[in-house]
Amino acid sequence: MNSFVIADPGLCIGCHTCEVACVSAHSADNMFLQQEENPDFYPRLRVMETEQVTAPVQCRQCEDAPCANVCPNGSITNIGSSISINQDTCIGCKTCMLVCPFGAIAMVPEFRGGQKQVQPGLRSNANGVWARKERLVASKCDLCEESGNGPACVQICPTHALQLVVPDDVSMDTAAKRAASAQTLQQFGGLIRF
């Protein structure tokens, strides 16, 4: 089973700190020192706010990942305990984004060495001016696998609304629930007759 991050909407205050931690964890540049009017801000999770609930939504690292199943060139694979996107081979077809049941995949500009990449040979016309078209690739939560420290969003959340669920914890929790269920059956065992 893959690990995944889950949010408790009862604890989330909608501060967006998890989004900032995510961008910081995946960027070589200090986002707070960007001089641009519109800084590059592409978190791999999104805090959703409605009248009833506020909580971050991100990839659940599905076992039978629909995104991986539809990727036409195998750019989405199961590596370690998470589903990963190889942005070098991603062709930006958006199919993964369409099939994700959680809406956890977004198309973002590809960066290399801090620079946005453009598509070779493809241009677009904006306001009568032809320009090279930026290369868009799929992006989603990768559990901060490269950091080796675990998900930055979980570490930084001020209310502990985010939790990393790992396979061993699920197995132990399931075993405890089964034991409690058996105890309940034992208590009422004399009352049930068929």
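The values are calculated or read from the model by the stated rules, or taken from the named source; none is laboratory data. Note that the structure is a prediction, hence the values are computed from the model and not measured. Neighbour counts are summed over all protein chains in view; Cβ atoms, including those assigned to glycine, are modelled from backbone coordinates with ideal geometry. Quick note on the areas: whole protein, heavy atoms, side chains included, nothing else; ligands and nucleic acids left out. Shrake-Rupley method; radii C 1.70, N 1.55, O 1.52, S 1.80 Å.
Taking every protein chain into account, the accessible area of the chain amounts to 64 square angstrom per residue (probe 1.4 Å). Structural descriptor for the chain: relative contact order 27 percent, calculated from alpha carbon pairs under 8 angstrom and at least 6 residues apart. Taking the chain as a Gaussian network of alpha-carbon nodes connected by springs under 10 Å, the highest mean-square fluctuation of the residues ALA55, ALA106, ALA28 belongs to ALA28.
The share of accessible area on the chain that comes from carbon and sulfur is 53 percent, using a 1.4 angstrom probe.
Applying 1/(1 + (r/R0)^6) with R0 = 45 Å to the Cβ-Cβ distance of VAL170 and ASN127 gives a FRET efficiency near 0.30. Top mean-square fluctuation among VAL70, VAL129, VAL154, Gaussian network model of the chain, C-alpha springs under 10 Å? It is VAL129. A cysteine counts as unpartnered when no other cysteine's C-beta lies under 4.7 Å of its own; in the chain this applies to CYS12, CYS15, CYS22, CYS62, CYS71, CYS90, CYS93, CYS100, CYS144, CYS157. Remark on segment 1-130: ratio of C-alpha radius of gyration to 2.2 N^0.38 Å is 1.20.
Calculated FRET efficiency, LEU185 to TYR42, Cβ-Cβ distance, R0 = 41 Å: about 0.20 to the nearest 0.05. If R0 is 41 Å, the Cβ-Cβ spacing of VAL70 and THR159 corresponds to a FRET efficiency of close to 0.70. A crude spin-label estimate for the pair GLU51 and GLN119, with each label 7 Å from Cα along the Cβ direction, gives 4.1 nm. Could you work out how far helix 167-188 tilts from the main Cα principal axis of the chain, as a 0 to 90 degree angle to the nearest 10? Roughly 30 degrees, rounded to the nearest 10. Residues considered: ALA104, ALA126, ALA68. Largest GNM mean-square fluctuation over the chain, using C-alpha springs under 10 Å, is found at ALA126.
Counted without the sites themselves, the longest stretch of the chain free of trypsin sites (Lys or Arg not before Pro) in a DSSP loop having at most 16 other beta carbon atoms within 10 Å is 95-192.
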